[in-house]
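Below is one structure, written out as structure tokens; the observations come after it.
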Amino acid sequence: MSAWDPSQVELVGLLPQTGRGPKREGVYALWLLLRVAQDHLLEPPLAERAVRRRLASLETRLSSLTVPPPLRRALIAALAQLREGGRQAVAVVLSNLVAPARETAGSEAADAIQRAGRAARQSAVNPSR
């Protein structure tokens with residue numbers, strides 16, 4: 001089992017600072033999606049069946065959260081992109097989440113997602129990292 005990525009730690013750290021409601025659930029949803037997206041980058045890769053299960057579980061969990069509409073749309077699109085593109089889509093998925101995250105969850109959450117996207121892009125260039 002690998003250690004948590006700093007972006008994941010940052011998002012979890014934002015949860016107690018965020019009041020209850022859609023904003024907090026948005027940060028939580030971002031954290032959940034980030035975990036699943038980064039699992040696509042594991043070496044050795046997860047089995048295809050495990051990836052499908054994780055995506056299905058994530059979709060189920062996200063459907064029960066009260067997330068602001070712009071972020072909900074972005075999360076649905078991110079799930080679709082991860083299903084279709086797998087490992088190659090992670091950097092794009094995370095980059096596409098930055099603006100809705102900034103609008104709905106705040107700049108700290110958006111900055112964490114942006115850093116994770118950069119790390120994913122770097123990982124795609126240098127997979128042994």
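Here are the numbers:
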| quantity | calculated |
| --- | --- |
| Extreme residue, positive dipole direction of the chain, given options ALA80, LEU41, TRP31 (C-beta unit charges) | ALA80 |
| Cα-based helix-to-principal-axis angle, 22-39 vs the chain, degrees rounded to 10 | 0 |
| Local electrostatic count, LEU75, Cβ distance below 12 Å [Lys/Arg +1, Asp/Glu -1] | +1 |
| Estimated 222 nm signal from helices in the chain, with DSSP H stretches of n ≥ 4 weighted -39500 (n - 2.57), rounded to 500 | -24000 deg cm²/dmol |
| Region 1-75: relative contact order as a whole-number percent, Cα under 8 Å and 6+ apart | 36 |
| Rounded D (µm²/s) - the chain, Kirkwood Rh over Cα pairs, Stokes-Einstein at 37 °C, 0.692 mPa s | 227 |
| For region 52-129, size of Cβ-based charge dipole, Lys and Arg +1, Asp and Glu -1, in debye | 320 |
| More than 17 Å apart - percent of Cα-Cα pairs taken over region 39-81 | 38 |
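Readers should treat all values here as calculations from the given coordinates under stated rules, not as data from a laboratory. Every value quoted in this text rests on a predicted model; they were computed, and no experiment measured them. Note that each Cβ is placed from the backbone with ideal geometry, even for glycine, and that neighbours are counted across all protein chains shown.
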